[in-house]
Amino acid sequence: MIYLRLFLEFFHIGLFSFGGGYATLPFLYHIADAQKWYTTQQLTDMIAISSITPGPVGVNVATFAGYVTSGILGAVIATTSVVLPSFILIIIISKLLEQFKHNKYVQSIIYVLKPTGCGLLAAVGIDMFINSINLFGMILLVCLFWASLTQKRDPLFYLGFSAIAGLIAGFFNLT
Amino acid sequence: MEKTFYNIFKTFFKVGTLLLGGGYVILPLLQSELVEKREWIDEDELCEYYALGQSVPGVIAANTAVFVGYKLNKIKGAIAALSGMTLPAFASILIMAKIMDEIVHLQFIKSIFWGVGIGVLMLIYLAVKEMWKKSIVDKLSCLVFFVAFILSAGLKAPPAAVIILAIFLGIWLQHQKKVEQEGLHK
């Protein structure tokens, strides 16, 4: 039953991804390996697309993966399941807000979860780096890095700049 | 403006539409819509909800939407805010998915995707850097970072398993502290 599996996979992403935005990526790469619903190449394309379309990346990729796997209904199920844990958890937490904020166990769990989420994302970054980098990519990355040192820039700056660099690189067959 | 289902939905729909390039722009967007234009909540409340949104699993933008929506109009508000926030993302991806199969084989689209892929790598680096600043506060948190990194990158452990381990570690640490404190009191 593909719909049930979609629900379970994306519900567990919503429940366990910690650290926001790209924190869903480790899970999505894991799904690509384990479920074969999409390839890692397709996932990389999806991430590129969701970076230039409205909405949080985690939700974008869920919609995309659901659609690729089993059409519109799949997209609806994946999108709903990825935000459902947030919804349930936060309604409960809102009712108990004061206890939640001051609970020692909650604080201790968050203290451990923060570096964990960071480590998981760093692992994805390294994986993507190894799989997708070539000489021109390295040069482009160094340029972006240099640009980030001089001033704080909007994410769209990096994406726009690299899209144009990609076009030029493609023209000279460097990609 | 009244805090009705429709108004909350409309406001978050606008924020969701303007949310480009990942969730990092959400705070300034919510500030201008909720605090300045609508005066539904104040600056401090927004910052608190945003911080809380990060301490709950899931997509931060969605988490913040549910927190604020619930505060504005209970369950009804939460549903309005969450659906308003996700609908633009959902619709734009469906449109992209439809044309995706046709355009993905074009050479210049491939080149653009290749470039954006490198840009995403840069954004991941920036996200890791930002998370590092907020989360690595002592030796233990630094150790946790590297263990999570090695488990995931080296041993290919499922991310959910790593997170569950981390939750247990958090509970155990607090338990140890409690035991120690009780020992001191005796």
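Structure data summary
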| read-out | value |
| --- | --- |
| Selection within region B:51-72 - more than 7 Å from chain A (Cβ to nearest Cβ) and β-branched (Val, Ile, Thr) | B:Thr64, B:Val68 |
| Candidate set from region B:37-67 (those that are of a type in the set (Val, Ile, Thr) and either under 14 Å from the mean Cα position of the chain (by Cα) or closer than 15 Å to A:Leu96 by Cα (or both)); member that is modelled with the highest pLDDT | B:Val66 |
| Residue check for B:Phe90: within 17 Å of the chain's Cα centre (by Cα), open to solvent by 20 Å² or more (accessible area, probe 1.4 Å) and farther than 17 Å from A:Tyr22 by Cα | yes |
| Within region A:1-109, helices (runs of 4 or more DSSP H) holding 3 or more residues that are open to solvent by less than 40 Å² (accessible area, probe 1.4 Å) | A:2-16, A:25-35, A:40-51, A:57-95 |
| Verdict on B:Glu102 being open to solvent by 20 Å² or more (accessible area, probe 1.4 Å), over 19 Å from the mean Cα position of the chain (by Cα) and at pLDDT 85 or above | no |
| Residue in region B:13-34 that is open to solvent by less than 70 Å² (accessible area, probe 1.4 Å), modelled with pLDDT of 85 or more and in a loop (DSSP other than H, G, I, E, B) present | no |
| The listed residue being part of a helix (DSSP H, G or I) and either more than 8 Å from chain A (Cβ to nearest Cβ) or within 12 Å of A:Leu121 (Cα to Cα) (or both), out of B:Ala160, B:Ala166, B:Ala153 | B:Ala153 |
| Residue within region A:52-69 that is farther than 30 Å from A:Gly166 by Cβ and at the interface with another protein chain (Cβ under 9 Å from one of its Cβ atoms) present | no |
| Region A:158-173, residues that are at the interface with another protein chain (Cβ under 9 Å from one of its Cβ atoms) and of a type in the set (A, V, I, L, M, F, W, C) | A:Leu159, A:Phe161, A:Ala163, A:Ile164, A:Ala165, A:Leu167, A:Ile168, A:Ala169, A:Phe171 |
| Condition check for A:Phe100: under 21 Å from the mean Cα position of the chain (by Cα), under 15 Å from B:Gly53 (Cβ atoms), in the same structural domain as A:Leu15 (by TED's automatic domain parsing) and free of Cβ contacts under 8 Å to residues at least 24 places away in the same chain | no |
| Checklist (1) more than 8 Å from every other protein chain (Cβ to nearest Cβ); (2) open to solvent by less than 40 Å² (accessible area, probe 1.4 Å) applied to B:Val144, failing item | (1) |
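The values are calculated or read from the model by the stated rules, or taken from the named source; none is laboratory data. Owing to the predicted nature of the structure, the values given are computational and were not obtained by experimental measurement. Methodologically, a virtual Cβ is constructed for each residue, glycine included, from the backbone with ideal geometry; neighbour enumeration extends over all protein chains shown. Just the protein is used for accessible areas: all its heavy atoms, side chains included, with ligands, DNA and RNA removed. Shrake-Rupley method; radii C 1.70, N 1.55, O 1.52, S 1.80 Å.
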